[in-house]
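The values are calculated or read from the model by the stated rules, or taken from the named source; none is laboratory data. Keep in mind that this is a model prediction, so the values were computed, not measured. FYI the Cβ positions are ideal-geometry reconstructions off the backbone, even for glycines, and counts take in every protein chain you see.
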Amino acid sequence: MIYNSPRGTSDYFGESIKYIDFIIKTSKDLFKLYNYSEIITPHFEYTEVFSRGIGENSDIVKKEMYTFLDKKGRSLTLRPEGTASVVRAVVERKLYSENLPLKLFYIGNMFRYEKPQKGRMREFKQIGIEAIGSDNPAIDAEAIWLLHNLFDNLGFKNLVLYINSIGCSECRRNYIKLLEEYLKPYNEQLCDDCKNRIGKNTLRVFDCKIQTCKNILANAPKISNYLCESCRKHLKDVFSILDILDIKYVHNENLVRGFDYYTRTIFEIISKDIDSTQNALGGGGRYDYLIKEFGGPELSSIGFAIGLERTMLLMQELGIRLKEDENNLLSAYLISMSNEFNSYIFKILKFLRKNKIICDSNFNIKNISKEIKFAKLNGYSHILIIGEDEFNNNLITIKDLNNYTQMKISWLDEKNKLLNLFKNPDYK
Ligand code: AMP
C-alpha cells in the first residue's frame, strides 16, 4: 500500500529546499535591517480568534477553515493566516507596553480548505510582518518599501505594486451603501457568489473573476472618491513617501482584500509574468481596530504576508537563480579506501566541519571512479583520498574536481593549506 500526501499539500526536498532556505534567509536578513524581530505563535488557536478577527462573512471563515473539536470539546482551528494570531499574542502578553511601533515578523505554515490548483494549496507557508501601534503614513510607506525590497532582493524584476485605500469605518460604511445602491438593478446578472456577498461582505464583489460581474463593476462608484478628508490625506502622504523612495506603484481603485479587519491603506504585489488568477505574491494592509477588538488598547497597525510557495514557483518558472552563499561553494568529499582508516577519516571530518567546510565521506569504498563521479554529480569541488600510503604517513591526496589537478599534503604540518583551499576559491 502506497499512501499519497493529502490533497493540496506537498513534500519538499532537494532543489525546492534550497529555494525555501534562500527565500527565508533573504527575508530574515532584510527584516533585521528594518528592525523587525521574530514571533512564533501556535499552529492552531481557539476558533473565535479567526472568526472574530478575519470576519464571520469572509470566504476564509465561511468556507476554508480547518476547524475541529479537541477531546474536551473545545473548537480549535488550524491558522489560515498570521495576523489574527499575532494580534492575539500581542494583546495576551501585553507586548504593546514596549516601544511602539512594535515590529514583528513571522514565518510559518497556514491552512485553508481551498480548491487546490497551481499556486493555491491547502497547506502553504507565509512570511509576514506586523508593525503595531502607529497610524503614521510613514509606517505604511515603510512596510510597502520593505515588501518591494524583499522581492527585489529575491531577484524579481517585473512586479507591479497595487495600492488603494478602503477608508476608515466611517467612509467605508457610506461607500458600501452607495455601492449596494449601484448594484441593485444588476442583481439578476451577478453570479451567485456576488449575490451572496451583497449586504454581508459587499466590497468583495471587486474580487470576482467572472467577466459579467467585472463588466458591471467597471462603472461602479470608486471608493477613492468617497474617502473622508483624513483618509484621503493619509493615502496622499503614503504616496508622497513612496515617491521620495522612488518606488513605482499603481493606484488600483478596484483593489479590495479578503479580510474584514483592513482599514485605509491596502496593497498587493503581483507578477505580470503569469497570466493567472493566482498572480498575487503577497499583500497586506492597515488594521486600525483589530487590537481593540481583541481586548487591547486602541493601536493602529499594518502588516503584510507573502506566499512562499507561490514565490518559489515563480522564481523557478522565470529561471531566477539563487545567489549561492560563497562559503558553500567549496566542499570536500572524502574517499576512504578501507574501513580500517575510519579513525583518520573522522579526524579530518571533525576538523573540516569545525571550520564550517561542507564535507562527507563514503567511509567504505567500492569503486573509486564511481565515487569520483558521485562527488562531481553532487557538486563537491574537491575529493580527499585516503589510501594505504596516506593513512600510514598522515597524508591527504586532494583532487580539485574543476580542473583535475592533484596534490598531496601533510595532515600534521599543512592543515591550514587544506583550509585555505576551501576558503579561497583562487587558491591553487
Ligand atoms: P492573503 O493572506 O490571502 O492576503 O495571502 C497572502 C499571500 O499568501 C498571497 O498573495 C499568496 O502568495 C499566498 N497565499 C494565500 N493563499 C494561498 C494558498 N491557498 N496557497 C498558496 N499560497 C497562498
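Among the residues in the range 52-65, are any at pLDDT 95 or above, of a type outside the set (Asp, Glu), in the same structural domain as His148 (by TED's automatic domain parsing) and within 30 Å of Ile198 (Cβ to Cβ)?
yes
Would you check which residues across the range 1-14 are surrounded by 11 or more Cβ atoms within 10 Å (Cβ to Cβ) and without any contact (Cβ under 8 Å) to a residue 24 or more places away in the chain and list them?
Tyr12
Of the residues Lys200, Lys177, only one is at negative phi and either in contact with a Pro (Cβ under 6 Å, 6 or more places away or on another chain) or without any contact (Cβ under 8 Å) to a residue 12 or more places away in the chain (or both); which?
Lys177
Taking Leu159 and the conditions (1) surrounded by fewer than 19 Cβ atoms within 10 Å (Cβ to Cβ); (2) assigned by TED's automatic domain parsing to the domain that holds Ile23, which numbered condition does it fall short on, given that it satisfies the others?
Among (1) surrounded by fewer than 19 Cβ atoms within 10 Å (Cβ to Cβ); (2) assigned by TED's automatic domain parsing to the domain that holds Ile23, Leu159 violates only (1).
Specify which of the listed residues (Tyr113, Tyr162, Tyr96) is of a type outside the set (A, V, I, L, M) and touching a Pro at 6+ places or on another chain (Cβ under 8 Å).
Being of a type outside the set (A, V, I, L, M) and touching a Pro at 6+ places or on another chain (Cβ under 8 Å) holds for just one of Tyr113, Tyr162, Tyr96, which is Tyr96.
Name every residue in the range 270-309 that is more than 21 Å from the chain's Cα centre (by Cα) and of a type in the set (A, V, I, L, M), in order of residue number.
Result: Leu290, Ile291, Leu299.
Just checking, does the range 296-306 include any residue being within 22 Å of Trp145 (Cβ to Cβ), at pLDDT below 95, in the same structural domain as Tyr106 (by TED's automatic domain parsing) and near the ligand (Cβ under 8 Å from one of its atoms)?
no
Kindly state which helices (runs of 4 or more DSSP H) lie completely within the range 90-197 and contain at least 2 residues that are away from the ligand (no atom under 16 Å from the Cβ) and of a type in the set (Ser, Thr, Tyr).
169-183
In the range 282-306, which residue that is in a loop (DSSP other than H, G, I, E, B) and of a type in the set (Ser, Thr, Tyr) is farthest from Pro80 (Cα to Cα)?
Out of the qualifying residues, it is Ser300.
Strands (runs of 3 or more DSSP E) wholly in the range 346-418 with at least 3 residues that are crowded, with 16+ Cβ neighbours inside 10 Å and of a type in the set (Val, Ile, Thr) - which ones?
Filter on the range 346-418 gives 382-386, 395-400.
If a residue must be at pLDDT below 90 and not in a helix (DSSP H, G or I), how many such residues does the range 211-254 contain?
Total satisfying the criteria: 1.
Got a number for residues in the range 255-270 being outside any loop (DSSP other than H, G, I, E, B) and either away from the ligand (no atom under 11 Å from the Cβ) or crowded, with 22+ Cβ neighbours inside 10 Å (or both)?
Residues in the range 255-270 being outside any loop (DSSP other than H, G, I, E, B) and either away from the ligand (no atom under 11 Å from the Cβ) or crowded, with 22+ Cβ neighbours inside 10 Å (or both): 7 in total.
Tell me which of these Thr41 doesn't satisfy, since it passes every other one: (1) surrounded by 21 or more Cβ atoms within 10 Å (Cβ to Cβ); (2) within 16 Å of the ligand (Cβ to nearest atom); (3) not small (Gly, Ala, Ser).
Here Thr41 meets the rest and fails (1).
Examine the range 325-335 for a residue that is away from the ligand (no atom under 16 Å from the Cβ), in the same structural domain as Gly82 (by TED's automatic domain parsing) and either surrounded by 14 or more Cβ atoms within 10 Å (Cβ to Cβ) or of a type in the set (Lys, Arg) (or both), and state whether such a residue exists.
Looking for residues that are away from the ligand (no atom under 16 Å from the Cβ), in the same structural domain as Gly82 (by TED's automatic domain parsing) and either surrounded by 14 or more Cβ atoms within 10 Å (Cβ to Cβ) or of a type in the set (Lys, Arg) (or both), one finds none in the range 325-335, hence no.
I'm checking my understanding of the structure. Among residues of the range 15-37 that are of a type in the set (S, T, N, Q) and closer than 15 Å to Leu104 by Cβ, which one is surrounded by the most Cβ atoms within 10 Å (Cβ to Cβ)?
Restricting to residues being of a type in the set (S, T, N, Q) and closer than 15 Å to Leu104 by Cβ, the top hit is Ser27.
For the condition modelled with pLDDT under 95, out of contact with any Cys (no Cβ under 7 Å at 6 or more places or on another chain) and part of a helix (DSSP H, G or I), what is the one hit in Glu309, Glu317, Glu324?
Going through Glu309, Glu317, Glu324 in turn, just one is modelled with pLDDT under 95, out of contact with any Cys (no Cβ under 7 Å at 6 or more places or on another chain) and part of a helix (DSSP H, G or I): Glu317.
Being of a type in the set (D, E, K, R) and within 26 Å of Asp21 (Cβ to Cβ) is true for just one of Glu309, Glu414. Which residue is that?
Answer to the selection: Glu309.
How about the range 6-19: which of its residues are in a loop (DSSP other than H, G, I, E, B) and either out of contact with any strand residue (DSSP E or B) (no Cβ under 9 Å at 6 or more places or on another chain) or more than 16 Å from the ligand (Cβ to nearest atom) (or both)?
Correct list: Arg7, Asp11, Tyr12, Phe13, Gly14.
Regarding the range 262-274, can at least one residue be identified that is under 22 Å from Asn136 (Cβ atoms) and touching a His at 6+ places or on another chain (Cβ under 6 Å)?
Looking through the range 262-274, at least one residue is under 22 Å from Asn136 (Cβ atoms) and touching a His at 6+ places or on another chain (Cβ under 6 Å).
Test Lys115 against the criterion of being without any contact (Cβ under 8 Å) to a residue 12 or more places away in the chain, within 24 Å of Thr67 (Cα to Cα) and not polar (S, T, N, Q), and give yes or no.
yes
Taking the condition of being exposed (fewer than 15 other Cβ atoms within 10 Å of the Cβ) and among the charged types (D, E, K, R), how many residues in the range 63-118 meet it?
Residues in the range 63-118 being exposed (fewer than 15 other Cβ atoms within 10 Å of the Cβ) and among the charged types (D, E, K, R): 11 in total.
Applying the selection to the range 130-139, what residues are of a type outside the set (A, V, I, L, M) and within 19 Å of the chain's Cα centre (by Cα)?
Glu130
May I ask you to verify whether Tyr404 is farther than 30 Å from Ala131 by Cβ and touching a helix residue (DSSP H, G or I) at 6+ places or on another chain (Cβ under 9 Å)?
In short, no.
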